[in-house]
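Comments concern the structure below.
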């Protein structure tokens, strides 16, 4: 704790008292924001973990199928078969405002057929593999949505946490200490004025007594 | 017009996603992937008069994602879109995906209270 570098005047005292008030209010608001964010964040992070586990499991299954398919076919054939996909994916994005953080929601639109190749030179495994990919894909979008939300919230939580801590442990104690310092200084000045007035009064009275004698 | 989805990875991984209609970009090293990410982030489209990033989601294989420099990643993930999401590649899942979530918890709370 360190007191601020200000002159101990009544003016400064008034200003500082105002600042303490607004800092405390800001601290309370930020703390509330932090709690709100934390609540959403914990929900999302739990979901993110389970979704990621699920994705990892299912995707490795899909890749296994795909590997099998590609081992049955010539690499050139495989590439030509998948060269011009007729399937299209598009995303619509909506954002939701959680405690002034905009978090995205994705809406997937799929079009066309994923099996867009001749059956003659491709193996049946490829059909199965692509089907598996198709199945996992919505889950991947979900994962992307949740993880991006978590990422945004984490970044916001970090700054909020820092602000709360800075106010709580730095700014407010400093201000309070400075207020205390100034009020003590002012009281001291007041006492010293009283004492000097009393002394001057005593001196004048002593002189008057001498004159009267 | 809506947003597109892209995937960056090695050949084996992206082929399967190509059939689904994703835009695929081949990259064999993290440097290549980083360069591609920056380029993709720059591309924009117009949606209802607004200029928005073209890609809403960019998937990237975990092997490539884990070696992207932190400072680059920070720059890339700054805005709300695109979402850059690591996915397991054809070589199987690494621990990176879950570790990333743990990192987020650490960033938000100060320590990874969820554990591994």
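Values for this structure:
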| item | result |
| --- | --- |
| FRET efficiency for residue A:110 and residue B:75, using Cβ-Cβ distance with R0 set to 35 Å, rounded to 0.05 | 0.65 |
| Gaussian network model of chain B, Cα within-10 Å springs - most flexible of B:35, B:27, B:65 | B:35 |
| Nearest 10 degrees, 0 to 90: helix A:124-166 Cα axis against chain A principal axis | 0 |
| Average other protein chain Cβ within 10 Å of Cβ, residues A:42-49 | 4 |
| Per-pair calculated FRET efficiency, R0 = 51 Å: residue A:181 and residue A:135 via Cβ, rounded to 0.05 | 0.15 |
| Average partner coverage of A:162-170, which counts Cβ from other chains inside 10 Å | 0 |
| Distance (nanometres) between label positions extended 7 Å along Cα→Cβ at residue A:54 and residue A:22 | 4.8 |
| Rounded tilt (10° steps) of A:10-72 against the dominant C-alpha axis of chain A | 10 |
| Shape category assigned to segment B:4-109 from the gyration tensor of Cα positions, a/c cut at 1.5 | oblate |
| Shielding by partners - mean other protein chain Cβ count within 10 Å, residues of B:79-91 | 6 |
| Cα-based helix-to-principal-axis angle, A:172-212 vs chain A, degrees rounded to 10 | 10 |
| Inter-label distance, nm, simple model (7 Å from Cα along the C-beta direction), residue A:72/residue A:3 | 8.4 |
| Candidates B:29, B:89, B:80: whichever shows maximal mean-square fluctuation once chain B is modelled as a Gaussian network with Cα springs under 10 Å | B:80 |
| Sequence-separation-based contact order of chain B, relative, with Cα cut under 8 Å and 6+ spacing, percent | 23 |
| Spatial separation of Cα centroids for segment B:52-89 and segment A:1-32, in angstrom | 42 |
| Sites residue A:166 and residue B:51, calculated FRET efficiency, Cβ-Cβ separation with R0 56 Å, nearest 0.05 | 0.95 |
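Rule-based calculations on the coordinates, nothing more; no lab input. Everything numeric in this text was worked out from a predicted model, so none of it was measured. Heads up, the Cβs are rebuilt from the backbone with ideal geometry, glycines too, and the neighbour counts pull from every protein chain shown.
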